[in-house]
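> This is the structure I have questions about; it appears just below.
The values are calculated or read from the model by the stated rules, or taken from the named source; none is laboratory data. All values reported here derive from a predicted model rather than from experimental measurement. All Cβ positions, even for glycine, are placed from backbone atoms using ideal geometry, and neighbour counts span all protein chains on display. Ligands, DNA and RNA are stripped out before the accessible areas are found, and what is left, the full protein with its side chains, is counted by its heavy atoms. Shrake-Rupley method; radii C 1.70, N 1.55, O 1.52, S 1.80 Å.
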Amino acid sequence: MTYIAKPKFHHPGLPKNELGYTHRDYEGKISTLCAGCGHDSITASIIEACYELSIEPHRVAKISGIGCSSKTPDYFLGNSHGFNSVHGRMPSVLTGANLANRDLIYLGVSGDGDSASIGFGQFAHSIRRAVNMTYIVENNGVYGLTKGQFSATADRGSKSKKGVMNTDNAIDLVAIALQLGASFVARSFSGDKNQLVPLIAAAIRHKGASFIDVISPCIAFNNHAGSTKSFDYVREHNDAVNRLDVLTGRDPITVDYAPGTVQVVEQHDGTRLALRKIDADYDANDRLAAMTFLQKHAAKGQVVTGLLYVDPDSEDLHTHLDTVETPLNTLEAKDLCPGTSALEKINASLR
């Protein structure tokens, strides 16, 4: 339970990253989710990604909405900033925080009910505005806190635990993110840590709107035969387009992939993403092709995972608004009120 503190002692031989931190330094409180919940696996992947990137926890702001997924920020990065907003309103709170202080790393954690229903409009606007963030949706296709009703991402034809068939078409948040201009779009599976950890790490290093849809089975209400978001279904129908390595450039880079099977994408900060292409014809830099590929395989009932699209020349909201490099929340009165002469020049330029 969250009110039970984790013991502070740990083995002195635990591995440490470049900052001298162990995995324990990136953990939070004890999870109250159901044992075996896919969300806890996502939490573990976030912890691993931040550990590998040697991120200082106090430089992270984690923001969530309402739902099982939105409880999870309490379980990782206990020494970071955090804000648990209201249902569906995480994106606007994150946008405001990002505009006020651009120096923090923003993690938005949400769910399929939180982002694809009540918060659908908020999700759309934060993506199209290119807010510099890592937006993770923990997608289980049901409302777990209210006993398993279908959410907006539940596939048409899938069955509930009670045997009721869903007759509504599903909202594919990955397809929407691609259409709205997200510059980093990926899908993964909570049970595939080898794929998910580097995806999260790459998303954090990316400048712009990074979106990851993680299929995360609800073991209480959506992990049965007939569900298209169960552990068994996703494992059987998973079509991974690539495998990802994040290369920071600090150490000599070696890869053991066969020649011609690796696509290297370099980002603004020098980070290189090495994609091991499983589908020979897939191009992660082609937005339209990614949308077509996604729809083609969805029609076959396949779950496409991996880094689906990345724009190496991406920009973020601060670039679009041409804001100053100094975080706005640190500007003083003399910076915000430059005087009458400066105001007259601005007014003259607008005439």
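> Within the chain, what percent of beta bridges assigned by DSSP are antiparallel, to the nearest 5?
Taking every DSSP beta bridge within the chain, about 40 percent pair in antiparallel fashion.
> Let me ask something else about it. If you take the Cα atoms of segment 120-234, find Rg, then find the Kirkwood Rh from the mean of 1/r over all pairs, what is Rg/Rh?
1.00
> Taking the chain as a Gaussian network, Cα atoms linked when under 10 Å apart, which of 148, 67, 36 shows the biggest mean-square fluctuation?
36
> Could you give the radius of gyration (one decimal) and Dmax (whole number) of the Cα atoms in the chain, in Å?
21.0, 71
> Still on this structure: Would you mind listing how long segment 1-142 runs along its three principal axes, going by Cα atoms, in whole Å with the largest first?
Principal extents (largest minus smallest coordinate, Cα): 48, 35, 22 Å.
> Give me the percent relative contact order of the chain, please, defined on Cα pairs under 8 angstrom at least 6 residues apart.
Averaging sequence separation for qualifying contacts and normalising by length gives 15 percent for the chain.
> If you don't mind, another one. How are the Cα pair distances of segment 309-351 distributed, in percent, across 5 Å bins from 0?
All Cα pairs considered, the percentages come to 5, 16, 15, 18, 20, 11, 7, 5, 3, 0.
> Additional query: Counting other Cβ atoms within 10 Å, which GluC sites (Glu not before Pro) in segment 1-60 have at most 13 and lie in a DSSP loop?
Qualifying residues, ordered by number: 18.
> Dipole size in debye (nearest 20) for segment 69-201 around its Cα centre, Lys and Arg Cβ +1, Asp and Glu Cβ -1?
Dipole about the Cα centre, nearest 20: 200 debye.
> Counting other Cβ atoms within 10 Å, keep those with at most 13, restrict to DSSP loop, and tell me which trypsin sites (Lys or Arg not before Pro) in segment 1-67 are left.
Taking segment 1-67 and a limit of 13 other Cβ atoms within 10 Å, the loop trypsin sites (Lys or Arg not before Pro) found are 8, 16.
> What are the aspartates and glutamates whose alpha-carbon lies under 14 Å from the alpha-carbon of residue 8, with same-chain residues fewer than 8 places away excluded?
Within the straight-line limit of under 14 Å, residue 8 reaches these aspartates and glutamates: 25, 27.
> Cut-off under 19 Å on the C-alpha distance; same-chain residues fewer than 8 positions from residue 162 excluded. Which aspartates and glutamates are left, in chain and number order?
232
> Quote to one decimal, in nm, the extra length available between residue 79 and residue 333 on full extension: 0.36 nm per residue of separation minus the C-alpha distance between them.
That pair, residue 79 and residue 333, stretches by 88.4 nm at full extension.
> Within 13 Å, Cβ to Cβ, of residue 96, how many net charges do the neighbouring residues add up to if Lys/Arg are +1 and Asp/Glu are -1?
+3
> Measure off, as a whole percent, the carbon and sulfur share of the 1.4 Å-probe accessible area of the chain, all protein chains present.
In the chain, the share of accessible area belonging to carbon and sulfur is 53 percent.
> Rounded to the nearest whole Å², what accessible area per residue is found for the chain with the 1.4 Å probe?
Solvent-accessible surface per residue comes out at 48 Å².
> Something else: Loop by DSSP (not H, G, I, E, B), at most 16 other beta-carbon atoms within 10 Å: where is the longest site-free stretch of the chain for chymotrypsin sites (Phe, Trp or Tyr not before Pro)?
The answer is 10-256.
> Which of 119, 131, 244 sits farthest toward the positive end of the charge dipole of the chain, with +1 on the Cβ of Lys and Arg and -1 on the Cβ of Asp and Glu?
Final value for the positive-end residue is 119.
> Follow-up. Quote the charge dipole size of segment 274-351 about the Cα centre in Debye, to the nearest 20; the model charges only the Cβ of Lys and Arg (+1) and of Asp and Glu (-1).
320 debye
> Tell me what the chain gives for mean residue ellipticity at 222 nm when only DSSP H runs of n ≥ 4 count, each as -39,500 (n - 2.57), the sum divided by the residue total, rounded to 500 deg cm²/dmol.
Value at 222 nm, helices only: -8000 deg cm²/dmol.
> I would also like to ask the following. So which lysines can residue 161 reach, going by Cα to Cα under 30 Å and dropping same-chain residues fewer than 8 places off?
Output for residue 161: 71, 147, 193, 229, 296, 300.
> Roughly how many debye, to the nearest 20, is the charge dipole of the chain about its Cα centre, given +1 on each Lys and Arg Cβ, -1 on each Asp and Glu Cβ, and no other charges?
Taking the Cα centre of the chain as origin, the dipole is about 940 debye.
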